[in-house]
1. What longest region of the chain stays clear of GluC sites (Glu not before Pro) that DSSP places outside H, G, I, E and B and that have at most 11 other Cβ atoms within 10 Å?
2. Running a GNM on the chain with Cα contacts under 10 Å, which residue among L73, L345, L100 ends up with the highest mean-square fluctuation?
3. For the chain, rounded, prolate or oblate, judged on the Cα gyration tensor with a ≥ b ≥ c (square roots of eigenvalues), a/c < 1.5 rounded, else prolate if a/b > b/c?
4. Please order V47, V279 by the number of other Cβ within 10 Å, starting at the fewest.
5. Express the relative contact order of the chain as a whole percentage, based on alpha carbon pairs under 8 Å and six or more residues apart in sequence.
6. Only Cα pairs within less than 10 Å get springs; with that Gaussian network setup on the chain, which residue of F352, F223, F312 has the largest fluctuation?
7. Of Y412, I401, N214, which is farthest on the positive side of the dipole of the chain, counting Cα position, with +1 on Lys and Arg Cβ, -1 on Asp and Glu Cβ, and the Cα centre as origin?
8. I'd like to compare 2-11, 381-390: which one has the highest average count of other Cβ atoms within 10 Å, and what's the full order after that?
Amino acid sequence: MKKIIVAGAGHGGLSAAINLARGGFDVTVFEKNKRAGLGWDWTDAFVPSALPRAGITALPDDDILEFRNAGFLPPSKKVMVNTDTGPNPTVKSVDRKILLAHLIKEAKSAGVKFEFSAEVNYALVKGNRIVGLNTAKGDVYADLVIDSAGIDSPVRRNLPEKFNIQNEIGDGERFFCYRAFYDVTSDEKSDPQYQIIFFHNNRCGMDWCITEGNHIDILIGSFSELSEDDIEEAVEDYLADFPQMTDKIVRGGQCAKIPLRRPLSKFITNGYAAIGDAVCMTEPLSGSGIVLSILAGKILADVCVASVEKKFDESELWKYQYRYMQEHGFSHFNPGVIKDYLSSLNAEDINFFVEEKILGAPELGNVGENTMEDMIQKLVLLKRPDLLPGIIKAATKLMIIPRVIKSMPSSYDVQKIREYMAMDKNLDW
Ligand SMILES: Cc1cc2nc3c(=O)[nH]c(=O)nc-3n(C[C@H](O)[C@H](O)[C@H](O)COP(=O)(O)OP(=O)(O)OC[C@H]3O[C@@H](n4cnc5c(N)ncnc54)[C@H](O)[C@@H]3O)c2cc1C
């Protein structure tokens, strides 16, 4: 029986593990945390239908929570842009620990084995192939290594240069955040609301505040490293804005990093396939890393099960990268381009964009070429030529990126893949 080992119990790795074990492979997951310590202590946006689409049992209805649409605030807080998509949106919310427990239970019943408290250090390399992992429990050899160890995966970071896989996710390519649920006093309740604010307290970043029945969910985020002072200042501000909020943390209270860039231009090699945050499979700014990773896991498993010789060479695994990028790659680029553009502005510019309705619900909800053209026209009418070069650059990227994704070679061809990677790297999105 062919052996597959998974570094990290990330969502994509678990989805792949479930489908691979059902496909007849011997699968073991190596996770650095104890079972009890797995998963962030908060709830997240999630599309429940992703589980059955990935061949995984749906979550029970009781575990699916409603998700509210956000209103966007500029730093001046003078206006609020609502992005209400109407009743019954497909996006719901789920408790992260419940989702992981569900995936692990399904994996175990499919025959996947787990090693908890088993930190992975680096990949074992033989010639031009990854042949296993060095873990806290010793060296483990396998036919395929799946790297599902998150944004700072030591497996990816320590891969030798010859595999041509980007080791480091740069500082400008990650969103630094702090998140906690704060207790509320029982006597003062307000209507439920979800606010996203750009450049809160002039910090180049984005915060959210979701008021719910028994707590207030605060996220404080920055496009560069977040300081203790940034967190304190933002929390003080929310305490002043929401009289029912107290400074008692009831869940979370941790710092984390979210990828803020497109997927890496190459994430497979002989005997190795990476998935999830290890590859940057998040939609920059809007999230969706959970769903995209779970769907990627199904694609990877399908490719492995169908692989005729089951040697897991780069030429076979390229089908996984190609299919993922063609099916989901397009969802990464619009928010990525808008994020780059927003982070090049300052608080005053953002106030101008939102207050003058240049950046409104359509632009914040789904940015496309047409909305960019409208924004350019409005800037011309409002006589702000200083803001035009940045937005024209962003609009140009929005036109070019889909062409680059479509130009990916559908079958394995070393020269064509090199050309595609060179184009992708030049895009700077
Ligand atoms: C504050 C915040 C809010 C978010 N909100 C959303 C949202 O609303 N919706 C959404 O879809 N996404 C959201 N995301 C993004 C989402 O968390 C990720 O995209 C998603 O978890 C997919 O990442 P992953 O499973 O690949 O990696 P991770 O979730 O990072 O999992 C990696 C796993 O690998 C383990 N690991 C790490 N290093 C090692 C090692 N050396 N050895 C062994 N194991 C290791 C970790 O312990 C972990 O279990 C949010 C993220 C944050 C931080």
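Since every read-out is calculated from the coordinates, none of them should be taken as a lab result. Note that the structure is predicted; figures quoted are calculated from it, not measured. Here the Cβ is made from the backbone with ideal geometry for all residues, glycine too, and neighbour counts use every protein chain on show.
1. On the way: sites that count: E66, E168, E188, E225, E309.
Looking at the chain, 310-429 is the longest stretch - no exposed GluC sites (Glu not before Pro) with at most 11 other Cβ atoms within 10 Å.
2. L345
3. On the way: a/c = 2.01, a/b = 1.35, b/c = 1.49.
It is oblate, given that a/c is not under 1.5 and a/b is not larger than b/c.
4. On the way: V47 19, V279 30.
Lowest count first: V47, V279.
5. Relative CO of the chain lands at 18 percent.
6. Judging by the Gaussian network model, the answer is F352.
7. Most positive-ward Cα: Y412.
8. Going by the mean number of other Cβ atoms within 10 Å, highest first, we get 2-11, 381-390.
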